[in-house]
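The structure appears below as structure tokens.
The values are calculated or read from the model by the stated rules, or taken from the named source; none is laboratory data. This structure is a prediction, so every number in the text was calculated from the model and none was measured. Cβ atoms come from the backbone with ideal geometry, glycine included; neighbour counts cover every protein chain shown.
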Amino acid sequence: MKEVLVIYYSQTGQLLTILENVAKNIHGSDVNVSYYEIIPEPNYSFPWKKKEFLDCFPESFLQIPSNFKAPSESILNKKYDLILLGHQVWYLTPSIPLNSFLKSKYAATLLKDTPVITVIGARNMWIMAQEKVKKLLQHCGAKLVGNIALVDRHINHISVITIVHWMMRGKKDKMWGIFPKPGVSDEDIVAAERFGLPIKNALLSQNYSNLQSEIVQLGGVKINSFLVLADKRANILFSKWANLIIKKGPPGDPKRSKWITMFNYYLLFAIWVIAPIVFIVFLLTYLPSYNIRKKQRTYYSSVAFNNE
């Protein structure tokens, strides 16, 4: 009997549904699937309150861990043959709960020398967050053997509007009855079942060498070169803001609050002004940078990690 553990933090429930669909064709008489939900202490409310969402930016981006409920002894005392690690992206970084787990002693216990498949449910920019997860997995001694990234397929600015509606209202519905539904589409969530069979075959054969190639062929990872560029540039700017704000005090501190407000204005400016400019630059440099973009697509579609 093979043992598979699904580790996840899912604020809205979308990621959990994706993971359950992936696991449908893995679970069976020869494979047992268990779940461990990372529960922050205190937990994050959903829907978000705008001030709380913005105020968690520095700790999120700087990957500062926080408290969470420990896994049960029954989970910690079992050796798993495979782990599915579900994660969300907060501020171009793995969410605080996921980051906190990966930096804990529990992650070192569960993940060491264990094959891991990451499963991402995100708006669209997940590349640099995944690179950060790769680094944390390497630190835990885990073996990353696969990655599935399901995203909102609508254009960037439409997805910004709809995701804010979902986050602040708590409803995954069509805003004003006009905009598309936010997040990963229902069709893509249901179709996540297709990844289960190749994962199970790799698990039973203990051979993961071709798994990521199969996942890519099934449409499990699609790389948008513009979003890679935008993700990298935004990480540079976010780093400056996060390091500035963290020095102003802890969450809720009045000295920090005014800087959080300024960051909010910057964020709006970056989305609606800077991003279109970056897109124009991307188009102008596309042909001269074609070979570089091609190498990037190959690398970010893989489970390789260039720790530089």
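Only one of Ser66, Ser100 is touching a strand residue (DSSP E or B) at 6+ places or on another chain (Cβ under 7 Å), within 30 Å of Lys247 (Cα to Cα) and part of a helix (DSSP H, G or I). Can you tell me which?
Ser100
Quick one: in the stretch 157-184, of everything that is among the small types (Gly, Ala, Ser) and assigned to a helix (DSSP H, G or I), which residue is surrounded by the fewest Cβ atoms within 10 Å (Cβ to Cβ)?
Gly177
So which residues in the stretch 1-50 are of a type in the set (Val, Ile, Thr) and surrounded by 19 or more Cβ atoms within 10 Å (Cβ to Cβ)?
Val4, Val6, Ile7, Ile18, Val22, Ile26, Val31, Val33, Ile38
So which residues in the stretch 212-253 are over 30 Å from Leu197 (Cβ atoms) and part of a loop (DSSP other than H, G, I, E, B), if there are any at all?
Passing the criteria: Lys247, Lys248, Gly249, Pro250, Pro251, Gly252, Asp253.
Scan the stretch 81-89 and tell me whether some residue there is under 18 Å from the mean Cα position of the chain (by Cα), assigned to a helix (DSSP H, G or I), surrounded by 17 or more Cβ atoms within 10 Å (Cβ to Cβ) and not acidic (Asp, Glu).
Checking the stretch 81-89: not a single residue is under 18 Å from the mean Cα position of the chain (by Cα), assigned to a helix (DSSP H, G or I), surrounded by 17 or more Cβ atoms within 10 Å (Cβ to Cβ) and not acidic (Asp, Glu).
Can you work out which of the residues in the stretch 103-135 that are β-branched (Val, Ile, Thr), within 9 Å of the chain's Cα centre (by Cα) and not in a strand (DSSP E or B) is farthest from Pro42 (Cα to Cα)?
Out of the qualifying residues, it is Ile127.
Just to be sure before I move on: is Asp55 surrounded by 16 or more Cβ atoms within 10 Å (Cβ to Cβ) and farther than 23 Å from Ala108 by Cα in the structure I sent?
Yes, satisfied.
Take Gln138 and tell me if it is under 21 Å from Ile117 (Cα atoms), surrounded by fewer than 14 Cβ atoms within 10 Å (Cβ to Cβ) and within 17 Å of the chain's Cα centre (by Cα).
yes
If I go through the stretch 143-167 residue by residue, how many of them are closer than 25 Å to Pro276 by Cα and touching a helix residue (DSSP H, G or I) at 6+ places or on another chain (Cβ under 8 Å)?
12
For the stretch 254-274, state whether one or more residues are outside any helix (DSSP H, G or I) and surrounded by fewer than 18 Cβ atoms within 10 Å (Cβ to Cβ).
No; the residues of the stretch 254-274 include none that is outside any helix (DSSP H, G or I) and surrounded by fewer than 18 Cβ atoms within 10 Å (Cβ to Cβ).
Which one of these is modelled with pLDDT under 95, more than 20 Å from Pro94 (Cα to Cα) and β-branched (Val, Ile, Thr): Ile163, Ile215, Ile178, Ile199?
Ile178
Check the stretch 233-243 and report whether any residue there is in contact with a Phe, Trp or Tyr (Cβ under 7 Å, 6 or more places away or on another chain) and more than 29 Å from Val119 (Cα to Cα).
Within the stretch 233-243 (the criterion being in contact with a Phe, Trp or Tyr (Cβ under 7 Å, 6 or more places away or on another chain) and more than 29 Å from Val119 (Cα to Cα)), the answer is no, since none of the residues qualifies.
Tell me, please, whether a residue that is of a type in the set (A, V, I, L, M, F, W, C), over 20 Å from the mean Cα position of the chain (by Cα), modelled with pLDDT of 95 or more and not assigned by TED's automatic domain parsing to the domain that holds Ile158 can be found in the stretch 227-236.
So far as the stretch 227-236 goes, no, none of its residues is of a type in the set (A, V, I, L, M, F, W, C), over 20 Å from the mean Cα position of the chain (by Cα), modelled with pLDDT of 95 or more and not assigned by TED's automatic domain parsing to the domain that holds Ile158.
Restricting to the stretch 138-159, give me the number of residues that are in contact (Cβ under 8 Å) with a residue 60 or more places away in the chain and either among the acidic types (Asp, Glu) or farther than 30 Å from Lys103 by Cα (or both).
Count: 2.
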